[in-house]
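What follows is a set of notes on a single structure, which appears directly below.
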Amino acid sequence: MAKIFRIIRQNMIRDNKVIKYLLYAIGEIILVVIGILIALSINNSNELKKLRDAEKVYLKEIKSDLIQDTLLLSYVIEDHKWRIAQLMSQDTTIDFIFEEIIGELPKVEGVSELEYIFFTDRKFRPKIGTYNSMISEGKSNIFSNRELFNNIQSIYELEAKDIITIGEDVLDRSNKLRNKYAYEIKYGNFGSPIKITDKHILADIYISSRQLNYYTRQSVLLKKSITKLIEQIDIEYQSLE
């Protein structure tokens, strides 16, 4: 094709057809430009497809992590509701201020061992590998829906971190109280189920139950936020198909 254009151009110059040559040259330039634009368009389209495919991979993996988080939160919530119910089995006049959020407590007969009152080991640890990898590799701009990315970022950078901090505080207090009442735990003469009358122990139970109550409340709210985010991810994923 280039050889044909060259022959036509040489013939026009030889025949002294300057105007026709100029028009032809302009037309040739236009054709070249159009060809370049088409090539760029195809290339851009391919690059955009690669970005959208990569975005779908991240969305799928983040969704998988979030589903695992909701399952873990369910275990944490149920375990802590049971723990709160046990703490409330003592006469501590606890104000259960978050019942409308965390739901009805299970029925318990009490605690069989004093140590268990101050024992808490179930805490939430989010699966954050995919998100951290995306951020560390500078891939956050891959999301075309910036509102969705902001929601994902809010879950991991704000809400999940808050739960982790609260959980650490709960565990720290649990360990301190177990040490504080180590003698009573080992040598205390308590029946089964335990009925505590020591006002110092009851006061600490009261504080612990309110702290655990708050942790459970925030866990329920986080689970709702994550569930809503999963729905948003599903909608976005479908739009990229």
Out of (1) surrounded by 16 or more Cβ atoms within 10 Å (Cβ to Cβ); (2) over 22 Å from the mean Cα position of the chain (by Cα); (3) modelled with pLDDT of 75 or more, the one residue 107 does not meet is (1)
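Name the helices (runs of 4 or more DSSP H) wholly inside the range 126-183 in which the number of residues that are at pLDDT 90 or above, under 20 Å from residue 61 (Cα atoms) and not basic (Lys, Arg) is 2 or more. Talk me through it step by step, then tell me what you get.
On the way: elements: 129-136, 146-154, 160-180.
Output list reads 129-136, 146-154.
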Residue hits (the range 199-239; surrounded by 13 or more Cβ atoms within 10 Å (Cβ to Cβ), β-branched (Val, Ile, Thr) and farther than 23 Å from residue 74 by Cβ) are 201, 205, 207
Filtering the range 197-239 down to residues that are touching a Leu at 6+ places or on another chain (Cβ under 6 Å), within 29 Å of residue 104 (Cβ to Cβ) and of a type outside the set (Gly, Ala, Ser) yields 204, 205, 223, 226, 230
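Only one residue in 197, 227 is β-branched (Val, Ile, Thr) and not in a helix (DSSP H, G or I). Which one?
On the way: 227 fails: not in a helix (DSSP H, G or I).
On inspection, the qualifying residue turns out to be 197.
Kindly provide the set of residues from the range 154-188 that are acidic (Asp, Glu) and over 28 Å from residue 127 (Cα atoms), ordered by number.
Filtering the range 154-188 for residues acidic (Asp, Glu) gives 157, 159, 162, 168-169, 172, 184.
Passing the criteria: only 184.
The values are calculated or read from the model by the stated rules, or taken from the named source; none is laboratory data. Everything quoted here is computed from the prediction, not taken from an experiment. So basically every Cβ, Gly included, is an ideal-geometry build from the backbone, and we count neighbours across all protein chains shown.
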